[in-house]
Amino acid sequence: MHIDHIGIAVKDLKAAIKTYETILNKKCDKLEVVESEKVETAFFNTGESKVELLGPTSSDSVIAKYVDKKGEGLHHVAFEVDDIHAELDRLRKEGFNVLYEKPKNGADNKLVAFVHPKDNHGVLVELCQSKK
């Protein structure tokens, strides 16, 4: 298991891309819309891990609501796992509140599921697995 990426919620994706292109001194590697979540993502490869910027595509998206409530900033930390189903079962048995019954299709060709931040000292944890 390793950190796959950190997710940062932003209000204005284009502005955030410019900021992170300057900070990281490189161009954005990939843009992707996840229609089911009403979010557009921008990925920056930073070696072993990535930075994912998350911008809302609709005012009723989870990211728009998050930014309205908490402001821009760290949204989640994602850990890549070999078997997301086994990890979700393991965490449920350990008493963690997993937010999805089954993993969903996410950005970057991954299956994703989240563990509630109340169980993780205030941090939303994403588990992700590359689709075969």
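The values are calculated or read from the model by the stated rules, or taken from the named source; none is laboratory data. The shown structure was predicted, so the numbers you read here are calculated from the model rather than taken from an experiment. Positions of Cβ are backbone-derived with ideal geometry, glycine not excepted, and every protein chain shown enters the neighbour counts. SASA here: full protein model, heavy atoms, side chains in, ligands and nucleic acids out. Shrake-Rupley method; radii C 1.70, N 1.55, O 1.52, S 1.80 Å.
For segment 81-126, trypsin sites (Lys or Arg not before Pro) meeting the loop criterion (DSSP other than H, G, I, E, B) and having at most 11 other Cβ atoms within 10 Å: none. Across the accessible surface of segment 7-96, with the other protein chains kept in place and a 1.4 Å probe, carbon and sulfur atoms take up 49 percent. Each other residue within a Cβ distance under 9 Å of PHE79 adds +1 if Lys or Arg and -1 if Asp or Glu, for a net charge of -4. Its Cα gyration tensor gives segment 59-122 an equivalent ellipsoid. The semi-axes, each the square root of 5 times an eigenvalue, are 23, 15, 10 Å from largest down.
In loop segments of segment 1-65 as defined by DSSP, the trypsin sites (Lys or Arg not before Pro) with at most 11 further C-beta atoms inside 10 Å of their C-beta are LYS27. Per q in 0.15, 0.25, 0.29 Å⁻¹, report the Debye log10 I(q)/I(0) for segment 1-58, using one uniform scatterer on each alpha carbon and no solvent. The computed values of log10 I(q)/I(0) come out as -0.40, -1.01, -1.24. Shape summary of segment 30-76, radius of gyration then Dmax from alpha carbon positions: 11.2, 33 Å. Size descriptors for the chain (Cα atoms only): Rg and Dmax, in that order, 14.4, 43 Å.
Each other residue within a Cβ distance under 15 Å of LYS104 adds +1 if Lys or Arg and -1 if Asp or Glu, for a net charge of -3. Of the listed pairs LYS18/LYS69; LYS18/LYS131; LYS30/LYS118; LYS65/LYS102; LYS26/LYS69; LYS102/LYS132, which have alpha-carbon separations greater than 28 Å here? Pairs exceeding 28 Å: LYS18/LYS131; LYS30/LYS118; LYS26/LYS69. Heavy-atom accessible surface of the chain, averaged per residue, reaches 59 Å², computed with a 1.4 Å probe.
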